[in-house]
Amino acid sequence: FGFRASRYLKELGIEVVHANTGWAGFALTKTLLNKIALVYTCHNPLWPEENVHTSEHVIRLVEGYNMRMSKAVIALNKTMMRAIVEKARIAPQKIFIVPNGVDTEFFKPSIPADDVARRYGLEGKRIVLFIGRVTYGKGVHLLLKAFRELITRYRDLKLVIVGPLADHFGEAEPSQYARRLMEYAKKNLPRDSYIFTGSADKDTLRKLYSIAYVCVLPSYAESFGMVLIEAMASGCPVIGSNVGGIVDVIEEGITGFIFKKGDYMDLKEKLEILIHDEVLRKTMSIDCRNIAERKYSWHVIASKLKEVYENVASM
């Protein structure tokens, strides 16, 4: 099968194949038989972490093999590059840093969002936004605790938690973790100060980014954090934990702030800086948009990928 597939790709004139997941990359290393250049992007957020579970060690064996067999490896940021050089023993000269990209024409500031504001009761509120699957690994409980510390002083805040409440795609019932979060919010926060929206379509997401005061990503591990660059493209300052690729995306004091992983009081303090200083927040909003256009627009990322493909095709 591998020989036939490789020959078929050659007949189509394909010189480079790009894989983005571990098992797809593994299958391609067996299929291409060194006849077509393989480029592998490492998205695994746990490479920079030291204490990982057994299944992650298996995944690292597979991904490490994929990267050693590839003509080129794409790391999303410097943090990921350092981790795979050290732990997977990948030669630095075959690694290219190419971040994820964002559609800066779709995600942008000042999008009319009256319908979304009415739907979620956001009129007159300063929105603290979380977007992502509601899981322990995303650290949503830290954001709730930090918000509890703030809402007694800043009554016009509203916490908007957007994303699937179930553990797995296709499930309807909220996970035990999500249920506990909602119980915590019900007991500890004013009823009109928060909302769990569940999943939302992309048009709703871009409107929420556009009107949010700040977007928070309090994860315990994160390879990149797409929500950060979507928020930035929308002119929304960002706050994230000091893990993985988050530290490479957020420019401290320029596009937002970084807080210590797991420390909700540090998160609370970083949030309060933005809430208290409207001039700083507006300056950050402008910088977020400018940096998103300059570093993460798909025009920029496509150009970087083209350079990688041309490089491996000429080997």
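Would you mind giving the average projected area, over all directions, of the Cα convex hull of the stretch 62-159 in nm² with one decimal?
10.0 nm²
Once neighbouring chains are kept in place and the probe is 1.4 Å, which whole percent of the accessible area of the stretch 266-315 is contributed by carbon and sulfur?
55 percent
Pull up the cross-link candidates among the aspartates and glutamates for K306, meaning alpha carbon to alpha carbon under 14 Å and not fewer than 8 places away within one chain.
E15
Which residues' amide hydrogens lie under 5 Å from the amide hydrogen of L157, considering only partners 5 or more residues apart or on another chain, with H built in the peptide plane?
R126
At N290 and K202, where each label point lies 7 Å from the Cα along Cα→Cβ, what is the point-to-point distance in nanometres?
It works out to 2.8 nm between the two label points.
Given the protein chains as shown and a 1.4 Å probe, how many square angstrom of D103 are accessible, to the nearest 10?
70 Å²
Name the trypsin sites (Lys or Arg not before Pro) in the stretch 234-315 that are in a loop by DSSP and that have at most 14 other C-beta atoms within 10 Å, would you?
Sparse-neighbourhood loop trypsin sites (Lys or Arg not before Pro): K260.
Relative contact order for the stretch 115-272: what percent, with Cα pairs under 8 Å and sequence separation of 6 or more?
The normalised contact order for the stretch 115-272 reaches 25 percent.
On the accessible surface of the stretch 173-258, probed at 1.4 Å, how many percent belong to carbon and sulfur atoms?
Of the solvent-accessible surface of the stretch 173-258, carbon and sulfur hold 48 percent.
What is the set of long-range amide H partners of A75 at a cut-off below 5 Å, with H atoms built 1.01 Å from backbone N?
Amide H neighbours of A75: F96, I97, V98.
Students often get this wrong, so check it: of K30/K71; K35/K71; K270/K304, which have C-alpha atoms separated by over 23 Å?
Distance filter (> 23 Å) returns K270/K304.
Tally Lys/Arg at +1 and Asp/Glu at -1 over every other residue whose Cβ is under 13 Å from the Cβ of D277; what's the total?
+1
Mind listing the long-range amide H neighbours of S241? Cut-off is under 5 Å, sequence gap 5 or more, other chains count too, H placed in the peptide plane at 1.01 Å from N.
L217, S219, F259
Would you kindly state how much longer the chain becomes between A27 and K306 on full extension, computed as 0.36 nm times their sequence separation minus their alpha carbon distance, in nm to one decimal?
Separation in residues times 0.36 nm, less the Cα-Cα distance, equals 98.1 nm.
May I ask which of K87/K260; K108/K187; K125/K186; K87/K108 have a Cα-Cα span longer than 27 Å here?
K108/K187; K87/K108
Treating the stretch 184-281 as a set of equal point scatterers at the Cα positions, no solvent, please give the Debye-formula log₁₀ I(q)/I(0) at q = 0.10, 0.15, 0.23 Å⁻¹.
Treating every Cα as an identical point scatterer, log10 I(q)/I(0) equals -0.28, -0.64, -1.34.
Defining a contact as two alpha carbons under 8 Å apart and six or more residues distant in sequence, what relative contact order in percent does the stretch 253-315 show?
28 percent
What list of ³J(HN,Hα) couplings, whole Hz, do you get for the stretch 38-54 from phi and the Karplus terms 6.51, -1.76, 1.60, once you set θ to phi - 60° and write x for glycine and proline?
For the stretch 38-54, the Karplus curve yields 9, 10, 10, 9, 8, 9, 5, x, 8, 4, x, 7, 8, 9, 10, 7, 4 Hz.
Determine the relative contact order of the chain: mean sequence separation of Cα pairs under 8 Å and six or more apart, normalised by residue count, in whole percent.
19 percent
Of all the stretches in the chain, which is the longest one without any exposed loop site, taking GluC sites (Glu not before Pro) in a DSSP loop (any state but H, G, I, E, B) with at most 13 other Cβ atoms within 10 Å?
Looking at the chain, 172-315 is the longest stretch - no exposed GluC sites (Glu not before Pro) with at most 13 other Cβ atoms within 10 Å.
For the stretch 1-107, what does the accessible surface come to per residue with a 1.4 Å probe? Please give it in Å².
Heavy-atom accessible area per residue stands at 52 Å².
Using the Karplus curve 6.51 cos²θ - 1.76 cosθ + 1.60 with θ = phi - 60°, what ³J(HN,Hα) values do you get for each residue of the stretch 241-251, in whole Hz, with x for Gly and Pro?
So the J values, rounded to whole Hz, are 6, 8, 10, x, x, 4, 5, 8, 8, 7, 9.
What spacing in nm lies between the two simple spin-label points modelled at V52 and R89, each 7 Å away from Cα in the Cβ direction?
1.6 nm
Tell me, what HN-Hα J-couplings in whole Hz come from the Karplus equation 6.51 cos²θ - 1.76 cosθ + 1.60 at θ = phi - 60° for each residue of the stretch 270-281, using x for Gly and Pro?
5, 4, 5, 4, 5, 5, 7, 10, 5, 5, 4, 4
The values are calculated or read from the model by the stated rules, or taken from the named source; none is laboratory data. Being a predicted model, the structure only gives us computed values, none of them experimental. Using ideal geometry, Cβ is built from the backbone for each residue, glycine included, and neighbour counts are taken over all protein chains shown. Just the protein is used for accessible areas: all its heavy atoms, side chains included, with ligands, DNA and RNA removed. Shrake-Rupley method; radii C 1.70, N 1.55, O 1.52, S 1.80 Å.
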